[in-house]
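The values are calculated or read from the model by the stated rules, or taken from the named source; none is laboratory data. The shown structure was predicted, so the numbers you read here are calculated from the model rather than taken from an experiment. Ideal geometry is used to build each Cβ from the backbone, glycine not excepted, and the neighbour counts take in all protein chains shown.
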2 protein chains.
Amino acid sequence: MSQEAVNGVPCRGKVLTLDTMNPNVKRVEYAVRGPIVQRAVQIEKELREGAKKPFTEVIKANIGDAHAMGQKPVTFLRQVLALCSYPELLEDNKFPEDAKKRARRILGACGGQSIGAYSASQGIECVRQDVARYIEKRDGGIPSNPDNIYLSTGASDAIVTMLKLLVCGEGRGRTGVMISIPQYPLYSAALADLGAVQINYYLDEDKCWSLDIKELRRAVTEARQHCNPRVLCIINPGNPTGQVQSRQCIEDVIRFAKEEHLFLMADEVYQDNVYAEGCAFHSFKKVLFEMGPEYSSTVEMASFHSTSKCYMGDIQILNHTVIIQAYLNKKDPISLCSILIRKSKRTLQPSHMYSTQNQLLFPERTAVLAALAEKARLTEQVFNTVPGITCNPVQGAMYTFPRITLPQKAIDKAKEAGQVPDMFYCMRLLEEEGICLVPGSGFGQREGTFHFRMTILPPTEKLKIVLQKIRDFHQRFTQEFS
Amino acid sequence: MSQEAVNGVPCRGKVLTLDTMNPNVKRVEYAVRGPIVQRAVQIEKELREGAKKPFTEVIKANIGDAHAMGQKPVTFLRQVLALCSYPELLEDNKFPEDAKKRARRILGACGGQSIGAYSASQGIECVRQDVARYIEKRDGGIPSNPDNIYLSTGASDAIVTMLKLLVCGEGRGRTGVMISIPQYPLYSAALADLGAVQINYYLDEDKCWSLDIKELRRAVTEARQHCNPRVLCIINPGNPTGQVQSRQCIEDVIRFAKEEHLFLMADEVYQDNVYAEGCAFHSFKKVLFEMGPEYSSTVEMASFHSTSKCYMGDIQILNHTVIIQAYLNKKDPISLCSILIRKSKRTLQPSHMYSTQNQLLFPERTAVLAALAEKARLTEQVFNTVPGITCNPVQGAMYTFPRITLPQKAIDKAKEAGQVPDMFYCMRLLEEEGICLVPGSGFGQREGTFHFRMTILPPTEKLKIVLQKIRDFHQRFTQEFS
């Protein structure tokens with residue numbers, strides 16, 4: 001705090017300054033909302049004000065914002081949302097009976113039959129029951145207990161809450177949390193915020209971003225020198241890398257977690273988004289139970305899903321004492337209860353679908369997934385025709401994370417400008433073509449390699465333009481700096 | 001972590017146990033969702049299963065859950081919510097034109113015209129503009145800049161975010177945060193969670209829970225011995241105490257904050273709930289600006305409001321560098337953006353009301369406020385007829401915090417049972433009359449005094465029964481232990 005004297009009166013600086021703010025918050029970085037996105041917003045404003053650019057619109061392929069990309073909301077879910085918001089519509093015969101039935105069930109579980117009432121901290125019981133039945137069905141009948149289900153304001157919120165419970169200790173006893181590199185920056189941001197130690201394990205780009213137990217072992221062994229590794233985070237299907245883990249790999253991870261005495265956090269929010277032939281989603285919970293009681297009764301695990309089309313995210317906790325659950329029940333009270341209606345962002349809303357006979361729902365769902373599968377193939381195929389771009393198959397999720405070869409002169413030029421090379425590349429792409437991507441450095445990558453993350457969500461016709469523009473730009477950029 | 005050997009094989013305890021969880025989370029207490037509420041839920045279940053009790057329903061007067069208490073949602077807002085959720089309804093002539101207009105304005109600001117799209121971290125711009133215009137109108141034309149407005153998932157979320165930015169330092173340099181006693185437990189919970197130092201200042205019960213600058217001075221002076229006081233939190237109108245601060249008092253607080261170099265946090269979520277004759281709500285922002293540039297250009301302040309009927313809470317930040325605002329913009333990214341549609345809990349939704357010509361809105365608003373004013377008077381009047389209960393006027397907000405005199409034998413009995421005396425009292429009330437209140441100890445109170453918090457929200461006829469039951473119980477309880 002600066003203290004200068006003006007005319008003998010001490011002049012104090014502000015209470016809240018960069019020097020005096022919470023250092024953990026200062027460390028938080030969040031690439032998907034970083035400087036490149038801020039510049040994109042600025043360019044959009046310039047375009048609106050009539051500025052001349054080599055393009056007429058900015059295409060934001062930096063974030064998995066399905067609806068902004070023109071994806072249609074699922075009709076059934078929006079009907080239920082409208083009915084719950086304004087129950088007078090229950091008398092309206094334009095709404096199908098199954099949507100009304102669902103809305104009545106939800107309203108019946110709300111205080112005063114209003115979604116404006118507070119819910120229990122853990123979430124509305126009837127919704128938790130629905131979620132448990134959905135999980136049972138997904139996992140071939142392995143029982144799911146609604147008491148182990150917590151509804152939250154999205155999976156991000158649940159992941160941060162769980163990490164917060166797990167972080168403790170000081171110095172060499174500080175909790176270490178293993179995360180994949182590349183990673184979704186929610187994790188690094190939350191760990192910085194909590195003051196936990198981030199332990200990086202690298203995915204194998206040469207093997208389609210697969211996870212290698214030897215690499216996990218290397219990472220945990222090195223980390224034990226300076227912190228206390230307690231948590232292993234897995235994202236499957238992967239974000240930003242789009243891989244889908246094999247059943248064998250999941251088994252190996254579970255065995256590793258048991259041996260190394262790690263709490264498993266399985267981020268499975270893209271479980272419905274699997275496109276590649278021969279790939280299938282296997283839930284960590286199902287594999288854990290199929291490995292028998294030696295594992296299922298000892299390995300502690302929380303898995304996360306985001307219904308995300310509307311309503312809530314959920315968290316499922318296994319092998320976990322009732323006392324800790326009470327704390328989870330207590331934690332959420334800071335927000336008093338999960339938020340009852342929430343924004344919808346992803347493609348599907350499985351937990352609330354299983355029982356409905358809605359005529360529209362399954363065709364809508366199938367159409368969305370088929371379009372995404374087609375775009376996943378298209379993306380991989382086009383990128384791999386460009387010299388200097390290498391792209392793994394997009395097996396799942398909604399992103400591609402291609403590797404780009406940058407000429408040494410471009411790397412030098414970026415350093416001169418004080419930018420990391422892939423940020424320099426993405427900024428140039430934005431300025432020249434109006435396409436907004438996220439540099440790979442925002443997610444982490446092996447030293448000396450460069451990538452970007454692009455969502456495959458734009459409508460097919462627009463995606464084709466995006467891919468074409470990136471191809472042209474990459475060739476131009478490479479020539480310029482060769 | 002316990003490490004025992006069974007047959008030579010080391011047997012390790014769980015990763016996550018009470019001993020190994022985050023100690024900050026363990027310290028968090030949240031009275032309004034504490035053991036008494038858990039017991040109330042249990043009793044409700046017992047009643048449903050046919051258990052015989054001296055009552056047929058549990059009345060939960062522990063929480064300001066307006067809709068659960070039967071308060072009607074505001075029609076206009078629910079219509080806008082339904083229209084935004086399911087835009088097909090924009091073609092429906094059952095909806096009034098002004099609701100459609102509002103919905104079109106909001107949808108027009110959403111990516112892909114869908115509330116399922118992500119918004120900017122700071123919140124949708126057109127909503128921030130509306131909020132700024134509302135604040136200007138409220139404050140008699142003092143300018144409000146939309147860039148200083150942040151939309152959040154409710155005021156609780158905004159308060160925690162702001163506190164988090166402000167907390168830093170270790171040992172004697174640790175940030176101290178001044179909060180009123182009694183307080184709303186969000187504050188103590190957040191401070192425990194952040195590891196900040198809680199500095200108590202006591203409200204003056206004998207003067208209708210007013211705030212005395214001498215008491216603020218005492219508290220900050222003592223605290224400077226062991227921490228670094230940086231923040232002063234004020235709740236006006238008060239929760240749980242229901243007082244409304246005078247303009248003079250607000251001026252004194254602002255002067256004190258300037259002198260002691262404190263960041264002001266003004267929690268004004270009950271600004272529309274003022275009932276008592278001669279009381280009026282004065283916003284800290286308005287008073288600050290009316291005190292002239294010596295104050296308005298130096299005192300740092302964040303004020304919080306919760307539209308809370310639907311849509312979002314908001315936070316307004318003054319005298320605050322752009323850099324810190326960038327961090328606020330960055331922080332929220334962990335949740336990526338504020339949630340677009342949210343639950344509605346309180347009585348009004350002012351920020352979104354100002355411009356509408358809706359025929360229903362103002363009558364509905366007036367009716368709700370008139371009923372609350374009547375219930376505030378009734379509550380004070382009935383409690384003050386009971387020997388051993390003293391009740392200040394409920395000038396604002398939605399709660400009463402009467403003082404109860406407990407016989408020494410009851411205090412001894414409570415200690416035997418390992419309970420604080422007012423918890424013992426409230427538990428007995430719950431078991432005997434089915435009324436759920438929150439013991440004063442959950443909010444903090446002067447040593448040796450006892451209180452409870454009760455919401456005045458139940459419908460008048462039910463509130464009369466509640467007051468009658470508490471009166472009977474108090475007399476019986478006092479006799480039993482005399």
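Please find, among A:Arg230, A:Arg255, the residue that is touching a strand residue (DSSP E or B) at 6+ places or on another chain (Cβ under 7 Å) and more than 26 Å from A:His451 (Cα to Cα).
A:Arg230
Of everything listed in (1) modelled with pLDDT under 90; (2) assigned by TED's automatic domain parsing to the domain that holds A:Leu457, the single unmet condition for A:Val6 is (2). Residues that are aliphatic (A, V, I, L, M), crowded, with 22+ Cβ neighbours inside 10 Å and not in a loop (DSSP other than H, G, I, E, B) within the range A:199-235 comprise A:Ile199, A:Leu216, A:Val231, A:Leu232, A:Ile234, A:Ile235, listed in sequence order. Taken as a whole, the structure places A:Ala99 among residues that are crowded, with 23+ Cβ neighbours inside 10 Å and over 30 Å from A:Glu215 (Cβ atoms). Among the residues of the range A:438-449, not one is surrounded by fewer than 23 Cβ atoms within 10 Å (Cβ to Cβ) and under 15 Å from A:Gly64 (Cβ atoms). If you go through the range B:173-198 and keep only what is of a type outside the set (S, T, N, Q) and not in a helix (DSSP H, G or I), you end up with B:Arg174, B:Gly176, B:Val177, B:Met178, B:Ile179, B:Ile181, B:Pro182, B:Tyr184, B:Pro185, B:Gly195, B:Ala196, B:Val197.
Here's the yes/no breakdown for (1) more than 30 Å from A:Asn22 (Cβ to Cβ); (2) of a type in the set (A, V, I, L, M, F, W, C):
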position	(1), (2)
A:Ile149	yes, yes
A:Ser152	no, no
A:Gly176	no, no
A:Ala196	no, yes
A:Ile199	no, yes
A:Leu203	yes, yes
A:Arg217	yes, no
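Within this structure, B:Glu125 fails the test of being farther than 18 Å from A:Pro87 by Cβ and in the same structural domain as B:Asp472 (by TED's automatic domain parsing). Output the number of residues of the range B:40-69 satisfying the condition of being facing chain A (nearest Cβ under 10 Å) and out of contact with any Ser or Thr (no Cβ under 9 Å at 6 or more places or on another chain). Going through the range B:40-69 one residue at a time, the tally reaches 1. Answer yes if at least one residue in the range A:413-435 is of a type in the set (Val, Ile, Thr) and touching an Asp or Glu at 6+ places or on another chain (Cβ under 8 Å), and no otherwise. No, that holds for no residue. Residues of the range A:108-123 that are surrounded by fewer than 21 Cβ atoms within 10 Å (Cβ to Cβ) and more than 11 Å from every other protein chain (Cβ to nearest Cβ): A:Gly108, A:Ala109. Scanning the range A:86-104 for residues that are out of contact with any helix residue (DSSP H, G or I) (no Cβ under 6 Å at 6 or more places or on another chain), more than 8 Å from chain B (Cβ to nearest Cβ) and basic (Lys, Arg) yields A:Lys101, A:Arg104. I'd like the full set of residues that are crowded, with 16+ Cβ neighbours inside 10 Å and either part of a helix (DSSP H, G or I) or in contact with a strand residue (DSSP E or B) (Cβ under 8 Å, 6 or more places away or on another chain) (or both), limited to the range A:450-461. Across the range A:450-461, the qualifying residues are A:Phe450, A:His451, A:Phe452, A:Arg453, A:Met454, A:Thr455, A:Ile456, A:Pro458. The lone criterion from (1) in a loop (DSSP other than H, G, I, E, B); (2) touching a Leu at 6+ places or on another chain (Cβ under 9 Å) left unmet by B:Val25 is number (1). Considering only the range A:70-85, I want to know if a residue exists there that is more than 10 Å from chain B (Cβ to nearest Cβ), modelled with pLDDT of 90 or more and either touching a Leu at 6+ places or on another chain (Cβ under 7 Å) or not in a loop (DSSP other than H, G, I, E, B) (or both). No, that holds for no residue.
Listed here are the residues, each with its yes/no results for (1) β-branched (Val, Ile, Thr); (2) touching a residue at least 60 places away in the same chain (Cβ under 8 Å).
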| site | (1), (2) |
| --- | --- |
| A:Pro96 | no, yes |
| A:Ile106 | yes, no |
| A:Cys110 | no, yes |
| A:Val127 | yes, yes |
| A:Ile135 | yes, yes |
| A:Asp139 | no, yes |
| A:Pro146 | no, no |
| A:Ile159 | yes, yes |
| A:Lys164 | no, yes |
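Among the residues of the range B:127-172 satisfying the criterion of being in a helix (DSSP H, G or I) and of a type in the set (Ser, Thr, Tyr), which is nearest to the other protein chains (Cβ to nearest Cβ)? Per the criteria, the residue is B:Ser156. Within the range B:405-427, the set of residues being assigned to a loop (DSSP other than H, G, I, E, B), surrounded by 12 or more Cβ atoms within 10 Å (Cβ to Cβ) and not aliphatic (A, V, I, L, M) comprises B:Thr405, B:Pro407, B:Gln419.
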